Amino acid sequence: QAKARGRNGYRFYAPSMTGEGVQRLRLEAYLRRSLEKDEMFLNYQPQVEIDTGRLIGVEALVRWNHPELGLVPPGRFVPLAEDTGFISQLGQWVLREACRQMVRWQEAGLVVPKIAVNLSVRQFERGTIVATVADILRETGLEPHRLQLEVTESLIMNTGDALAHINGLHALGVSLAIDDFGTGYSSLAYLKQMPVQTLKIDRSFIQDIHEDVNDEAIAIAIIQLGKSMNLAVIAEGVETDEQATFLLRHGCNQAQGYFYSRPVMPDDLQRRWLP
Ligand code: C2E
Ligand code: MG
Ligand code: MG
Ligand code: MG
């Protein structure tokens, strides 16, 4: 019947489903098929020891290459995947692919000390995250201590059984990092209770570290907090030598950012970081 009215697509949309609404629906439909169409892949961004320049790990970052839309940034599709629930599938795919890549590197005799994978709050809501991670570790054969899971403060504050899940993950032998630390709306009390090993200073504090005394004060405070709680501290979004020097001077010896490398394909990482 729709066809009988011609090919004028607009006729069949409700008035509210124009512009952004349509785009969103289209993106949603594309996204749902992205995995079966093999459009997702991972980039890896080096994490570096500042004083030696040594590779201490990589963060896996998901990328979506759609044949029509091109490369869609995660800032656009990760929130959408979270809204629609697709993130459970996507997150599981990312975990498996990241662990597989680590094993590939190991089998090639290349040493990547650890891999960090981002987890979304929705992956905790189903209550199966511990089993999922355990299954993927078993299936891929990656040693648990090679895997670091990144969670945000809001994930911790907004997940009912966050403590139980995080204890469960810790019991598997994986490590945990708090991503975007300092930007979430959270109480610091959770840091005492949770088996967390690493704080990642958010990029927003690093960016203007030399122009903004408040950002400088916050970065220093996070480094101190990490030190006194025996946590590793890594700075995100390091883009300049000056920022790296500042961090080192204040006792933070781990960094990730464009100054060292953008997120890259496995081949590139191999060539430049795993000679
Ligand atoms: P994030 O986990 O905080 O990841 C760091 C982001 O900062 C990455 O953006 C990275 O490319 C970018 N970045 C790194 N160094 C620099 C720098 O020096 N300067 C600037 N301007 N940016 C830098 P990306 O890859 O676009 O990812 C954005 C966010 O999307 C991530 O933030 C994370 O929250 C989310 N994300 C990415 N991959 C995944 C995933 O597999 N699962 C989930 N749940 N979220 C993901
Ligand atoms: Mg992250
Ligand atoms: Mg971050
Ligand atoms: Mg983040």
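The values are calculated or read from the model by the stated rules, or taken from the named source; none is laboratory data. What you are looking at is a predicted structure, and each value in this text was computed from that prediction instead of being measured. Don't worry about glycine lacking a Cβ; one is built from the backbone with ideal geometry, like all the others, and counts go over all protein chains shown. Accessible surface areas use protein heavy atoms only, side chains included; no ligands, DNA or RNA. Shrake-Rupley method; radii C 1.70, N 1.55, O 1.52, S 1.80 Å.
Derived scalar couplings between HN and Hα for segment 86-93 equal 4, 4, 4, 5, 5, x, 5, 4 Hz in order, rounded to whole Hz, by the Karplus curve 6.51 cos²θ - 1.76 cosθ + 1.60 (θ = phi - 60°), x for Gly and Pro. For segment 76-188, the Kirkwood radius over C-alpha pairs fed into Stokes-Einstein at 4 °C and 1.567 mPa s yields D = 89 µm² per second. Taking max minus min of the alpha-carbon positions on each principal axis, segment 67-116 gives extents of 39, 23, 15 Å, largest first.
Per-atom-type breakdown for the chain gives carbon and sulfur 48% of the accessible area (1.4 Å probe, protein chains only). Per residue, the average separation of C-alpha pairs within less than 8 Å and at least 6 apart gives segment 160-261 a relative contact order of 22 percent.
Working from the Cα coordinates of segment 128-207, the gyration tensor eigenvalues give, after taking √(5λ), semi-axes of 23, 15, 10 Å in decreasing order.
Karplus-based coupling profile of segment 199-204, in residue order and whole Hz: 10, 9, 5, 4, 3, 4, with θ = phi - 60° in 6.51 cos²θ - 1.76 cosθ + 1.60 and x standing for Gly or Pro. Among TRP64, TRP93, the sequence by solvent-accessible area, most first, with a 1.4 Å probe is TRP93, TRP64.
Across all Cα atoms of the chain, the radius of gyration (one decimal) and Dmax (whole number) stand at 20.6, 72 Å. Accessible surface computed residue by residue for the chain, with neighbouring protein chains in place and a 1.4 Å probe, gives 51 Å² per residue.
Surface calculation, 1.4 Å probe, protein heavy atoms: ASP135 sits at approximately 70 Å² accessible. Compute the signed sum of charges (Lys and Arg +1, Asp and Glu -1) over the other residues within less than 13 Å, Cβ to Cβ, of LEU269. Here the count lands on +1. Applying the Karplus relation 6.51 cos²θ - 1.76 cosθ + 1.60 with θ = phi - 60° to segment 40-57 yields 3J(HN,Hα) values of 8, 8, 10, 9, 10, 10, x, 10, 10, 7, 4, 6, 9, x, 6, 6, 10, x Hz, where x marks Gly and Pro. The local environment of LEU248, defined by Cβ-Cβ distances under 13 Å, has a net charge of -3 under the rule Lys, Arg +1 and Asp, Glu -1.
Across the chain, the relative contact order, built from alpha-carbon pairs under 8 Å that are at least six residues apart, equals 17 percent.
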